[in-house]
């Protein structure tokens, strides 16, 4: 009995080891085989990224081989050729859009989170705790590119879920435009086969990408191009650089609160005016019976 337990345990260990090591090896081999890849140099020692690349490659090969075997054994070789041609055209049409949605937008979201939350607090720790008299380096972003992408992908998934929840939770409409639910649902229902590339690019991908680029770029241009002209010290410039995005968020929040307060004030003024002068109500004359 003990021997069976040991053998079962060894089998599980060997299986899990193979499942982990084989995709990592395949992913590293692919990354090293393409030295011109811009991210290969930084990611070739990242086991998570190598595992993701290897696992996706192995899964794609297994799925394609299984479907091809089914078509060939059933004598539908011509149909297999037409299916490959159809999905090849679909892949060429949807690959740029999928790259923007899965790679570009998550990286921009991850960079924004890094600039807003992680970099300012790391600057405070370095400046107040580690070395108060030495100006911290402008190491923005703090996270590596893979961590930034993965964090952005999680937040993008969370945002899409919130967009779908606007139907059941109306209060979310104050933070997320309700039209995003309809757009995302329509794109999902179309699928890859019926993908309307121009509509997806204009109504979904470009608005999100442009807003993220503006939010990331405007504070950077102001801090790196305008603020150094005032002649402050390197410590002040470094602090402003690290807190630029957090300060921009605080400024936008104050502007939004001021807008809400002004709208409430105007509404209160109109209600007092309408109550005093009875605007919009029909008046009736009464005759004096005396």
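In table form, for the structure just shown:
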| quantity | calculated |
| --- | --- |
| Segment 188-270 shape via C-alpha gyration tensor axes, a/c threshold 1.5 | oblate |
| Relative contact order %, segment 98-271, counting alpha carbon pairs below 8 Å whose residues are six or more apart | 29 |
| Added length on full extension, which subtracts the Cα-Cα distance from 0.36 nm per residue, residue 61 to residue 234 | 56.9 nm |
| Gyration tensor verdict on segment 98-271 (Cα atoms; rounded if a/c is under 1.5, prolate if a/b is larger than b/c, oblate otherwise) | oblate |
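Only the coordinates and a few stated rules stand behind these numbers; no lab work does. Model, not experiment: these values are computed from the prediction.
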